[in-house]
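The next block holds one structure in the form of structure tokens; read it before the comments.
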């Protein structure tokens, strides 16, 4: 084998120097190329993995937030519908109450007006009777030429009032 | 008159022995190229990885792409567990062999050097090229194989232990149990001896394969460059042919350079995988 190697140009000092060169290249590349680059690739891989994990977390959180917002909106819609229904019921109740009050008020006003009218009518009738009685007394005294005493006047008044009441 | 009978292949300048450079004592031209390639790799890796950032620049991006690609390949062969330990060596072997192989294709490598001069800076015949691909020298290819075998031994023992490694080589395989296991033990011992012989010859096969391919490529390019002169073409045609004839082979040598770097590192990866596999225990 030694002979074969010598034939192909083996020279021990040169061989040892080449071994040293290969070892130097091995150490240099391991230290300055492979180590830092593999560390950087690993760091980048971790960063990407973290980014992916964060993205998933954000997506999950976003889903939860959307779910929460949807729940809040549904609750708000329910509350709004309930409030509207309550307001409508309340308005209906108030309207009924106010209508009843207005009807009562109107009836009261009508009653009062009717009472006032009746009293005014009675007053007018009394005044009319009095005036009419006075006119009858005057006419009677002028027709008869007789001064009527209190008894006559009372009697004529009563008769006249009786006539007018008819 | 062109005569192919006068043609004979020319060995790359200096022959199979990497000659020493006259001005540099015992340093051979392949050692010089190995040093140049080492310095170039050091300079490039320092430039690319000095200020590493999460958002990489072009140089960092290239180095990251290369290392990530190689790591994926190594991991696919040796497995996730062994890959962190085996990767630096395998990647070093691949990158260094590739750089050395392709360095040999640069103009001036194997054609500039020392020899008989007939005018200043003009050689009549080149005897000692200044530069020679580091992988076209057995000293370098054997050095690569030896360093690999040392790391391979360390990986095997660190993964399986000394006893585990011996059992891995000589022990029964295929999950045999009982009497059959003991009956077949001599056969497995014999297979183990054959395995040891194959392991011993691995540095030889690895180094001679790489040397043969790269030196043959150098010889091919050298021969094609001188083919015009060899077959007796006129001077002007020989000059043109010195450019045209080697050209297709340059492309082939680019491919061969990459292929040999791949073959060497792939075989190393497979050897590591075979030695560190736990599935038979």
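The values are calculated or read from the model by the stated rules, or taken from the named source; none is laboratory data. The model shown is predicted, which means the values in this text are computed figures rather than measured ones. Note: ideal-geometry Cβ built from the backbone for every residue, glycine included; neighbour counts use all protein chains shown.
So which of B:131, B:106, B:146 ends up being within 13 Å of another protein chain (Cβ to nearest Cβ) and over 12 Å from the mean Cα position of the chain (by Cα)?
Just one listed residue meets the conditions, B:146.
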(request) List every residue pair whose Cβ atoms sit under 6 Å apart, with the two residues 6 or more apart in sequence or on different chains, where the first one lies in the stretch A:4-24 and is more than 7 Å from chain B (Cβ to nearest Cβ) and surrounded by 20 or more Cβ atoms within 10 Å (Cβ to Cβ) and the second, anywhere, is at pLDDT 90 or above and assigned to a helix (DSSP H, G or I). (result) none
(message) List the residue pairs whose Cβ atoms are under 6 Å apart, where the first residue sits in the stretch A:125-145 and is under 12 Å from residue A:156 (Cβ atoms), the second is exposed (fewer than 14 other Cβ atoms within 10 Å of the Cβ), and the two are 6 or more positions apart or on different chains.
(response) none
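Which residues, counting only those in the stretch B:12-24, are more than 7 Å from chain A (Cβ to nearest Cβ) and in contact with a helix residue (DSSP H, G or I) (Cβ under 6 Å, 6 or more places away or on another chain)?
Correct list: B:12, B:21.
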(message) Can you tell me which residue is farthest from residue B:157 (Cα to Cα) among those in the stretch B:68-96 that are more than 9 Å from every other protein chain (Cβ to nearest Cβ) and surrounded by 22 or more Cβ atoms within 10 Å (Cβ to Cβ)?
(response) B:94
(message) If I go through the stretch B:144-177 residue by residue, how many of them are part of a helix (DSSP H, G or I), free of Cβ contacts under 8 Å to residues at least 40 places away in the same chain and at negative phi?
(response) 9
(request) Could you check how many residues of the stretch B:25-43 are more than 9 Å from chain A (Cβ to nearest Cβ) and surrounded by 15 or more Cβ atoms within 10 Å (Cβ to Cβ)? (result) 4
(request) Go through the stretch B:44-55 and give me each residue that's surrounded by 12 or more Cβ atoms within 10 Å (Cβ to Cβ) and either under 28 Å from residue A:19 (Cβ atoms) or more than 8 Å from chain A (Cβ to nearest Cβ) (or both). (result) B:44, B:45, B:46, B:47, B:48, B:49
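Could you tell me whether the stretch B:178-196 includes any residue that is closer than 29 Å to residue A:9 by Cβ and either at pLDDT 85 or above or not in a helix (DSSP H, G or I) (or both)?
Among the residues of the stretch B:178-196, at least one is closer than 29 Å to residue A:9 by Cβ and either at pLDDT 85 or above or not in a helix (DSSP H, G or I) (or both), which makes the answer yes.
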(request) Determine whether the stretch B:58-66 contains at least one residue that is within 18 Å of residue B:43 (Cβ to Cβ), away from chain A (no Cβ under 12 Å) and more than 21 Å from the chain's Cα centre (by Cα). (result) yes
(request) Please tell me if residue A:29 is assigned to a helix (DSSP H, G or I), farther than 10 Å from residue B:139 by Cβ and more than 60 Å from the chain's Cα centre (by Cα). (result) yes
(message) Filter the stretch B:37-52 down to the residues that are touching a helix residue (DSSP H, G or I) at 6+ places or on another chain (Cβ under 7 Å), modelled with pLDDT under 90 and either farther than 14 Å from residue A:34 by Cβ or part of a loop (DSSP other than H, G, I, E, B) (or both) and list them by number.
(response) B:47, B:52
(request) Test residue A:58 against the criterion of being more than 26 Å from residue B:143 (Cα to Cα) and either at the interface with another protein chain (Cβ under 7 Å from one of its Cβ atoms) or at pLDDT 90 or above (or both), and give yes or no. (result) yes
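Conditions tested, residue by residue: (1) over 22 Å from residue B:213 (Cα atoms); (2) touching a strand residue (DSSP E or B) at 6+ places or on another chain (Cβ under 9 Å); (3) assigned to a helix (DSSP H, G or I).
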site: B:93; (1), (2), (3): no, no, yes
site: B:100; (1), (2), (3): no, no, yes
site: B:114; (1), (2), (3): yes, yes, no
site: B:118; (1), (2), (3): yes, yes, no
site: B:124; (1), (2), (3): yes, yes, no
site: B:131; (1), (2), (3): no, yes, no
site: B:135; (1), (2), (3): no, no, yes
